[in-house]
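Comments concern the structure below.
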Amino acid sequence: MKYIIAIIGILIVFGLAYIASNDRKNIRYRPLLIMVVLQVILTFLLLYTPIGATLVGGFSAIFEHLLSYAKVGTDFVFGGLVNGEGSIPFFFNVLMPIVFISALIGILQYIKVLPFIIRIIGWVLSKVNGMGKLESYNAVASAVLGQSEVFISVKKQIGLLPKHRLYTLCASAMSTVSMSIVGSYMQMLEPRYVVTALVLNLFGGFIIASIINPYRVTEEEDILEVQEEEKQTFFEMLGEYIMDGFKVAITVAAMLIGFVALIAMINGLFDLIFGITFQDVLGYVFAPFAFIMGVPWADAFTAGSLMATKLVSNEFVAMLELGKHPELSARATGIVSVFLVSFANFSSIGIISGAVKGLNEKKGNEVAKFGLRLLYGATLVSVLSATVAGLFL
């Protein structure tokens, strides 16, 4: 039965993307089919085989060690500070490690290891997805550098890009997550779900963009010019990445304080006026989508509420909420976990358009105009990833 629901779910996702397509006649189905098959194969390997368990375990072990090193620095500065007896100091244990991971990313960038890896993976992807080198590079770079930082690396080409190519770049950035916060996710979700979502979203972004926004890149247009970082000394670079990581951690903390408080207030108002909380209303609205993703109907209401929470606030808020629902089945928890690992939410529209506008005001305004369409596509990517993952949960 779960396979039938998954197939129906995938077809519904494709149908919703097809409805929003701006050029249905030019959709190329062969690359789509190849990428969907690759998604299924990779998900099977990651979730259902000893090889996948070993890969996920190794990836998880690396981040466990990195987080333990990050804890040394956090304890040195904040040692002894806790939220209360028996409580988990979320800010220190989950957000502060972002500073250390960001520093490592800076070092790997500085010694040219990451640019080399990103270019190689991007080149391989470009042979599969039917798109250009720039789009493929951008998708991989987004998963490493983050949804706003990635545009700096291709700023030479931003002003020259037509609207349709710019959409694909922004869609990739919203569909993935930054490597600097993957460790934080792994403290709230099972690592195998986080790794699976990272892989699925990489292909899912191209799949949905290829339907909503189909186009062909000519040989003359298929150029990749990566902006070399400004020449800095090692310690100048290190200090900059450390501060960038700290800004991300503080920004996430501020967003959490604001969104959690606002949701609590709105829940209280809805409960007072209508006798039902705002999250309960969202749960009913999104329950059918949770069901087509493969979530058992008994869990669909709660899962729908978590999906909506992520959409209107951010993934951190939803992940924290997920931890408050131990009654969810293992299957529902896994599917929802995969759905939550992306930047697809309303606040990301402002983040991405602001990042592009900082490099080119005209292009930034273009991104703001198709912002809702961007979020629509990125949300479909999350639904598709969760649906494919549900085949093996």
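The values are calculated or read from the model by the stated rules, or taken from the named source; none is laboratory data. These numbers come from a predicted model, not from an experiment. Cβ atoms come from the backbone with ideal geometry, glycine included; neighbour counts cover every protein chain shown. Heavy atoms of the whole protein, side chains included, go into the accessibility calculation; ligands, DNA and RNA do not. Shrake-Rupley method; radii C 1.70, N 1.55, O 1.52, S 1.80 Å.
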With a 31 Å threshold on alpha-carbon distance, the violating pairs from LYS2/LYS163; LYS71/LYS324; LYS133/LYS363; LYS2/LYS310; LYS247/LYS369 are LYS2/LYS163
For 19-27, 354-362, 205-213, ranked highest to lowest by mean beta-carbon neighbours within 10 Å, the order is 205-213, 354-362, 19-27
Packing-ranked peptide list from 189-197, 58-66, highest mean Cβ count within 10 angstrom first, is 189-197, 58-66
Other residues with Cβ under 15 Å from the Cβ of TYR29 give, with Lys and Arg +1 and Asp and Glu -1, a net charge of +4
Heavy-atom accessible area of LEU391, protein chains in place, probe 1.4 angstrom, given in Å² to nearest 10, is 20
Taking ARG30, ARG373 and ranking on accessible area (1.4 Å, protein atoms only), highest first, one gets ARG30, ARG373
With 0.36 nm assigned to each residue of separation and the Cα-Cα distance removed, ARG30 to LEU160 gains 43.9 nm
Within the stretch 137-181, DSSP-loop chymotrypsin sites (Phe, Trp or Tyr not before Pro) with at most 12 other C-beta atoms within 10 Å are none
Filtering GluC sites (Glu not before Pro) in the stretch 288-354 by DSSP loop and by at most 12 other Cβ atoms within 10 Å leaves GLU327
Sequence order, the stretch 53-62: Karplus ³J(HN,Hα) from phi using 6.51 cos²θ - 1.76 cosθ + 1.60, θ = phi - 60°, Hz rounded, Gly and Pro as x, gives 4, 5, 4, 5, x, x, 4, 5, 5, 4
For the stretch 311-352 the mean separation of alpha carbon contacts under 8 Å (6+ apart) over residue count, i.e. relative contact order in percent, is 69
Computed ³J(HN,Hα) along the stretch 278-294: with the Karplus parameters 6.51/-1.76/1.60, θ = phi - 60°, integer Hz and x for glycine or proline, the list is 4, 5, 5, 4, 4, x, 5, 5, 8, 4, x, 5, 4, 5, 5, 6, x
Subtracting the Cα-Cα distance of VAL72 and VAL40 from 0.36 nm times their residue separation yields 7.6 nm
With the 8 Å Cα cutoff and a minimum separation of six or more residues, the chain has a relative contact order in percent of 25
For the stretch 173-190, in residue order, the Karplus 3J(HN,Hα) values (coefficients 6.51, -1.76, 1.60; θ = phi - 60°; whole Hz; Gly and Pro = x) are 5, 7, 7, 9, 9, 6, 4, 5, 10, 4, x, 5, 4, 5, 7, 10, 10, 5
Calculated from DSSP helices alone, with each H run of at least 4 adding -39500 (n - 2.57) and the total divided by the residues of the chain, [θ]222 nm to the nearest 500 comes to -24500 deg cm²/dmol
